[in-house]
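Rule-based calculations on the coordinates, nothing more; no lab input. On a predicted model such as this, the values are computed, not experimentally measured, just so you know. Cβ sites come from the backbone with ideal geometry, for glycine too, and all protein chains shown count toward neighbours.
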Amino acid sequence: MDLFTKSQQETLKGRMPLAARMRPEKLEEVFGQDSIIGKGKLLRRSIEADQLGSLIFYGPPGTGKTSLAYVIAQTTKANFVRINAVTSGVADLRQVVKDAEERLGYYQQGTILFIDEIHRFNKAQQDALLPAVEEGKIVLIGATTLNPFFSVNAALLSRSRLFRLVPLENKDIIRLLERALLDKEKGLGSYRVEVGKEALAHLAEAARGDARLALNGLELAVLSTAPNDEGVRVIDLKAAEESIQERAVVYDKDGDQHYDVMSAFIKSMRGSDPDAVLHYLARMLHAGEDPHAITRRLLIHAAEDVGLADPLALVVVQAAVQGFEQVGLPEGKLILAEAALYIACAPKSNSVLAINEAEADVRNGKYGAVPPHLRDASYAGAKLMGHGKGYKYPHDYAEHYVEQDYLPRELKGVQYYKPSQIGKDKGVAKQLKDS
């Protein structure tokens, strides 16, 4: 039952932010996301044919997740129900499923359930949806800003098709802004407005791919600018700058962004790109990443990626970790930066990964008894068992080296450590070859 009169509905609509009023009603009004809704793409064909299975829309804010759901609501013959995971519980879901069953039984009409912020549903709430989705009583469309592989039950995810939305390009945001300026019914077309190219470009750039932020920034600029003598509201670059706050760095410390940015940081150190290393380090620090997570990676990669090509890397990083503990932020960022740059700029060798091969052999039972001459001979009775017999003390020989067997007999001839031809590692290779 509709609780609002038509005039009340119009009043409410007029109070909606510009981004909500300009929400597209058909696919032709959706800008960007051509990779999933371009001509001939699966999602576009499914929407146009009104033949949808369960879907998960995943992407940053303002990329069109809710807009796509709204387009589906306008085009489908199925009953469209929208709930928000923040304000709804299991009881609400059960009521939706019950209504869907009755609608399907009495009128042969399907139900599409759109759940915004589905990642906020706990396991029990998500599990409550499974039977209805499996039996086809409802078609689920979920929207989430978090990686669904971390935030959505595997069982529910396996029954849905995943579509990833990406931040809009500046040109698409500018097209949206221009359309809003011309639309007299839903947009700002009833105002006399002149917006400079620099102002539009700034709104698009500052939004960082978030169409909602750009549209609402434009609306604030128009409404807060007084008309000039000719009755025109002139939006210049300064007005645009004042009307939009740059979007905060997107970073979820327990999810997708944490892993993606940390991964890029690691790979940039390994790839010897100091500029990228500083970028991702700054991004993590700005977003409030746990500094201990950063220092752990620095220590690991000083050994893993630099290793014996420059053994001092581990010493430098260890000193940096201790120094950071004493100084803390904000000055400690200089210490972290020095350590990260050292790793990025150092020669690289991953020869220490030989430990993995040795560990695999041990795990698979490929080992033997310690050779008698290497066994502990320090306790009473050890020599009676032959422990230590025949051991050659290297320091008694020229250049403090003597050839003898160290590996178990079953592993004779195995080579785990393969020195690289880089940095100090190259010298080690020569030393072993000459010995």
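When Val86, Val234, Val222 are sorted by how many other C-beta atoms sit within 10 angstrom of their C-beta, beginning with the fewest, the order is Val86, Val234, Val222.
Here the gap between Gln404 and Lys418, fully extended at 0.36 nm per residue and compared with their Cα-Cα distance, gives a gain of 3.1 nm. Residue order for Val152, Val166, fewest other beta carbons within 10 angstrom first, comes to Val166, Val152.
Sequence-ordered 3J(HN,Hα) estimates for the stretch 145-153 from the Karplus curve with 6.51, -1.76 and 1.60 and θ = phi - 60° stand at 8, 9, 4, x, 5, 9, 10, 10, 3 Hz, glycine and proline given as x. Taking 7 Å steps out from each Cα toward its Cβ at Ala155 and Met16 produces label points 3.6 nm apart. Each of Met262, Met22 was scored by other Cβ atoms within 10 Å of its Cβ. Arranged with the fewest first, they read Met262, Met22. Considering every alpha-carbon pair of the chain, the percent of pairs per 10 Å bin, from zero through the bin containing the longest distance, is 4, 14, 18, 18, 16, 12, 8, 6, 3, 1, 0, 0. Approximating the spin labels as points 7 Å out from Cα along Cα→Cβ, the Leu353-to-Leu312 distance works out to 2.6 nm. Phi angles of the stretch 238-245 translate, via the Karplus equation with coefficients 6.51, -1.76, 1.60 and θ = phi - 60°, into HN-Hα couplings of 4, 5, 5, 4, 6, 9, 10, 9 Hz per residue; Gly and Pro are given as x. Sequence-distant contacts, meaning Cα pairs under 8 Å at least 6 residues apart, place the relative contact order of the stretch 365-434 at 29 percent. Normalising the Debye intensity of the stretch 314-389 to I(0), with uniform scatterers on Cα atoms only, and taking log10 at q = 0.14, 0.24 Å⁻¹ returns -0.72, -1.02.
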